[in-house]
Amino acid sequence: MTSTLITNIAELTTVDPEQRVLTDAAVVIDGEQIAWVGAASEAPAADERVDAGARAMLPGWVDSHTHLVFAGDRSAEFEARMAGQSYAAGGISVTTEATRDASDQRLRDLLRTRVAEAVAGGTTFLETKTGYGLDVEEEARHARLAADEVDVVTFLGAHLVPPGVDADEYVQTVTGPMLQAALPYVQWADVFCESGAFSEEQSRTVLQACAEAGLGLRVHGNQLGQGPGVRLAVELGAASVDHVNHLSDRDVELLADTWSGWDSAAATGSPGTVATCLPACDLSTRQPLAPGRRLLDAGVEIALASNCNPGTSYTSSMNFNVGTAVLQMHLSLAEALRAATMGGAVALRAHDSVGSIEVGKRADLHLLNAPAAIHLAYRPGMPLTHAVWREGQRAV
Ligand SMILES: N=CN[C@@H](CCC(=O)O)C(=O)O
Ligand SMILES: [Zn+2]
């Protein structure tokens, strides 16, 4: 196994239990893992040596919410929205039509391109969902293709009731043959619990069936208005509830209560329901930005994710989401960095292996073309990803 010393790191944000930000630092990678972290002057020798050029290093982004298995785009829908139309769940079926027409090879190529784009922007651990198939065969096909390309796959058969199909019959399909067909390829289940998609009762039925099948749970909730999503996620012990744009005080309290057995700094104990904020999506749908500041102040662990999909957020740029969280959601830089690394890792229950720069963790590293990470917000939109290591391999 080859070891690599990366030295001359101007600023190293570790997201470790002490939340250390080291200056003039170094990291040693051994195979796929981080073997050493500390002052450059004390670094051990290694087989290879990389000069970071006095740049800033962070853990690779953990993008815990994407929908990358799709064909076509919805730029006309987006343009109409910018002219004043509202977002509605029904647009999902436009993507379903385009995706059903795409061959395996075409979808695989699209997926690989999207994963490569995400990695080129500093993402090193990636979740993606099914949800544009909406029949048994297609949902299973999307799950199978996704499982080959990303770290974690979520079954989202309950994304939309396909036009012309009876909702109760569709829920039976999702909880029966569709779930069984997707099961070999997925670790998580999700449901779009929103008006125009699935009701509280339908969502509960889907999530309970998926939990019984051994899947972890997540929920798309409270995106377009106040609703039952957060309540349901907490009731069923979901690992995350995503979107969270419209929250009552009670929703925030319910989420906060799930974190009573958790040591946030150390990322140990019993994790609760992460509130995943999706700022690029909020801007693209003209929804109020998720109240990340309010959630953090209440003691809720939050994640920042890209929600890359053709309907509401056609970007996988975590740099953009982090910059926006600082500029517009009033998160400190440290809070935003944590939410986009450890926060996503906790949402995916992968925090023992990714989300921070610590000895023994996966060597997922993001070197910025800047001397300090605050440049992500200070220089928004600039190409700030200089180099990326994913599982110890130089990816960018
Ligand atoms: N909100 C539900 N699902 C996706 C959007 C799907 C679409 O409109 O294509 C989301 O997370 O925003
Ligand atoms: Zn989504």
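The values are calculated or read from the model by the stated rules, or taken from the named source; none is laboratory data. Source: prediction; values computed, not measured. Don't worry about glycine lacking a Cβ; one is built from the backbone with ideal geometry, like all the others, and counts go over all protein chains shown.
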As an exercise: evaluate Ala325 against (1) surrounded by fewer than 24 Cβ atoms within 10 Å (Cβ to Cβ); (2) in a helix (DSSP H, G or I) and give the number of the one condition it does not meet. (1)
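Looking at Ala305, Ala238, Ala267, which one is closer than 29 Å to Arg74 by Cα, of a type outside the set (Lys, Arg) and surrounded by 21 or more Cβ atoms within 10 Å (Cβ to Cβ)?
Values: Ala238 fails: closer than 29 Å to Arg74 by Cα; Ala267 fails: closer than 29 Å to Arg74 by Cα.
Only one candidate passes the filter, namely Ala305.
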Please determine, by comparing only the residues of region 214-247 that are farther than 21 Å from Gly292 by Cβ and out of contact with any strand residue (DSSP E or B) (no Cβ under 8 Å at 6 or more places or on another chain), which one is farthest from ligand 1 (Cβ to nearest atom). Gly214
Just for region 308-322: of the residues that are touching a residue at least 60 places away in the same chain (Cβ under 8 Å) and either small (Gly, Ala, Ser) or at positive phi (or both), which one is surrounded by the most Cβ atoms within 10 Å (Cβ to Cβ)? Ser316
Restricting attention to region 270-281, report how many residues are away from ligand 2 (no atom under 12 Å from the Cβ) and surrounded by fewer than 23 Cβ atoms within 10 Å (Cβ to Cβ). 2
What's the number of the condition Ser195 fails, among (1) closer than 17 Å to His65 by Cβ; (2) at pLDDT below 95? (1)
When Arg114 is evaluated against the numbered criteria (1) within 16 Å of ligand 2 (Cβ to nearest atom); (2) surrounded by 24 or more Cβ atoms within 10 Å (Cβ to Cβ); (3) not in a loop (DSSP other than H, G, I, E, B), which criterion, by number, is the only one it fails? (2)
Check region 38-51 and report whether any residue there is of a type in the set (A, V, I, L, M) and within 27 Å of the chain's Cα centre (by Cα). no
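Looking at region 161-176, is at least one residue touching a helix residue (DSSP H, G or I) at 6+ places or on another chain (Cβ under 6 Å), under 14 Å from Ile92 (Cα atoms), surrounded by 17 or more Cβ atoms within 10 Å (Cβ to Cβ) and not assigned by TED's automatic domain parsing to the domain that holds Arg390?
Residues of region 161-176 touching a helix residue (DSSP H, G or I) at 6+ places or on another chain (Cβ under 6 Å): 161, 163, 171, 174-175.
Applying the additional criterion that residues be under 14 Å from Ile92 (Cα atoms) yields 161, 163.
Going one step further and asking which of them are surrounded by 17 or more Cβ atoms within 10 Å (Cβ to Cβ), we end up with 161.
Within this subset, residues satisfying the condition of being not assigned by TED's automatic domain parsing to the domain that holds Arg390 are 161.
Checked region 161-176: at least one residue is touching a helix residue (DSSP H, G or I) at 6+ places or on another chain (Cβ under 6 Å), under 14 Å from Ile92 (Cα atoms), surrounded by 17 or more Cβ atoms within 10 Å (Cβ to Cβ) and not assigned by TED's automatic domain parsing to the domain that holds Arg390.
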How many residues are of a type outside the set (Gly, Ala, Ser) and not in a helix (DSSP H, G or I) when one looks only at region 197-230? 11
Please indicate, with yes or no, whether at least one residue in region 66-88 is of a type in the set (Gly, Ala, Ser) and touching a strand residue (DSSP E or B) at 6+ places or on another chain (Cβ under 8 Å). no
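Counting residues that are surrounded by fewer than 19 Cβ atoms within 10 Å (Cβ to Cβ) and of a type in the set (Gly, Ala, Ser), which strands (runs of 3 or more DSSP E) fully inside region 1-63 reach at least 1?
Numbers: elements: 3-13, 21-30, 33-39, 48-59, 61-63.
Result: 3-13, 33-39, 48-59.
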Quick check on region 268-304: of everything there that is in a loop (DSSP other than H, G, I, E, B) and under 19 Å from Gly381 (Cβ atoms), which residue is nearest to ligand 1 (Cβ to nearest atom)? Leu278
Within region 143-196, count every residue that is touching a residue at least 40 places away in the same chain (Cβ under 8 Å), in a loop (DSSP other than H, G, I, E, B) and of a type in the set (D, E, K, R). 4
Select from region 231-264 the residues that are hydrophobic (A, V, I, L, M, F, W, C) and assigned to a strand (DSSP E or B) and list them in ascending order. Val241, Trp262
